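Written out below as structure tokens is the structure these notes cover.
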Amino acid sequence: MIFVIFTTGLIAYLSMISFQQIGWNTKNFEGNWIPFSLGVVILYGYLVLSVFSPVYSPVFSKMSMAYVIGIWFLGLLDDVLGKPSPKGIKGHLFHFLKQKQLTTGLIKALGTLSFAGMFLYYLKPISFGQGIRYGFLLILIPHVMNLVDTRPLRVWKVTVATGAVLFPLLLQMPFSVLLYVVTILYLLFVIEGHKKAMLGDNGATIIGAILALLMVFHLTSFQQWIMILLFAFLTFLAEWFSFSTWIDQQPFLRFLDRIGLSAHD
């Protein structure tokens, strides 16, 4: 376990340096250029658990791995080739209809639909209702995680908050697995909180993809519908309002938003 934790930290450092060297950086909300490399850390951690986890879960099946890697790749494509505008599903769709140009954002949306569809095809849900629930989770959660990733640690906080519904699952995990998950969350918290690197679309969407799988396989149908309604509501809000503006107007939310950020901000 110590070796695995060490290699994860090494991956975090090497990916950050590598992204900087090849110019895979983007401006954060303060206008500073930093690498969008943290998605690599999450992908590495997920693959490690897929291969070495002492507990079997369909979250780590080959079918699930294909979905997670596909969603991560779509996010990386948008990070590397995407442009600042248009934004939102509505913006990308209108741009395509008016300019006849396919944006990376629209490619990512269509790709997410495709990977979710392939996942459902191989999973073969036992009912139409189950397929609808699974489809919504697999599509909505990566999308919303991408939407909230406009400030450091927002995705981290949403992950911890929504992950509370998975608390009974955490209690069943072996200590070694739990320790490794906490280590990855801690790495993200420190590196992103000090603004040395960011999740980017690839990091935000892969977190959403893994959360979606956990909810597909480990929540009841009632809990799944609650999550669907929540993430659908957030998707609707994002099309009409700025999360950052809304949070800045609410003192308590603004306080939560700044937790974990380095002291000099």
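The values are calculated or read from the model by the stated rules, or taken from the named source; none is laboratory data. All values derive from a computational prediction rather than experimental measurement. Don't worry about glycine lacking a Cβ; one is built from the backbone with ideal geometry, like all the others, and counts go over all protein chains shown.
Quick check on the range 30-69: of everything there that is among the hydroxyl-bearing types (Ser, Thr, Tyr) and either at pLDDT below 90 or in a helix (DSSP H, G or I) (or both), which residue is nearest to PHE175 (Cα to Cα)? The extreme case among them is SER53.
Flag: ILE184 does not match the condition of being part of a helix (DSSP H, G or I), in contact with a helix residue (DSSP H, G or I) (Cβ under 9 Å, 6 or more places away or on another chain) and under 28 Å from THR245 (Cα atoms). Here LEU77 meets each of (1) closer than 19 Å to ILE139 by Cβ; (2) touching a residue at least 40 places away in the same chain (Cβ under 8 Å) with one exception, condition (2).
Condition check ((1) surrounded by fewer than 17 Cβ atoms within 10 Å (Cβ to Cβ); (2) of a type outside the set (D, E, K, R); (3) under 20 Å from LEU43 (Cβ atoms); (4) more than 16 Å from the chain's Cα centre (by Cα)) across all residues:
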| position | (1), (2), (3), (4) |
| --- | --- |
| ALA197 | no, yes, yes, no |
| LEU229 | yes, yes, no, yes |
| ASP248 | yes, no, no, yes |
| ARG254 | yes, no, no, yes |
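Restricting attention to the range 229-264, the residues that are in a loop (DSSP other than H, G, I, E, B) and touching a residue at least 40 places away in the same chain (Cβ under 8 Å) add up to 4. Residues considered: PRO142, PRO152, PRO125. Of these, the only one that is in a helix (DSSP H, G or I), on the phi < 0 side of the Ramachandran plot and not basic (Lys, Arg) is PRO142.
What is the residue count in the range 1-29 for residues that are assigned to a helix (DSSP H, G or I) and either among the aliphatic types (A, V, I, L, M) or under 30 Å from TYR134 (Cα atoms) (or both)? If you could, list the steps in order and put the result at the bottom.
If we filter the range 1-29 for residues that are assigned to a helix (DSSP H, G or I), which is where we start, we get 2-21.
Now drop any that are not either among the aliphatic types (A, V, I, L, M) or under 30 Å from TYR134 (Cα atoms) (or both), which leaves 2, 4-5, 10-12, 14, 16-17.
Counting residues in the range 1-29 that are assigned to a helix (DSSP H, G or I) and either among the aliphatic types (A, V, I, L, M) or under 30 Å from TYR134 (Cα atoms) (or both) gives 9.
Before we move on, is LEU147 in a helix (DSSP H, G or I), of a type in the set (A, V, I, L, M, F, W, C) and surrounded by fewer than 19 Cβ atoms within 10 Å (Cβ to Cβ)? In short, no.
Which of (1) surrounded by fewer than 16 Cβ atoms within 10 Å (Cβ to Cβ); (2) under 23 Å from LEU261 (Cβ atoms) does LEU81 not meet, given it meets every other one? Evaluating LEU81 over (1) surrounded by fewer than 16 Cβ atoms within 10 Å (Cβ to Cβ); (2) under 23 Å from LEU261 (Cβ atoms) leaves (2) as the failure.
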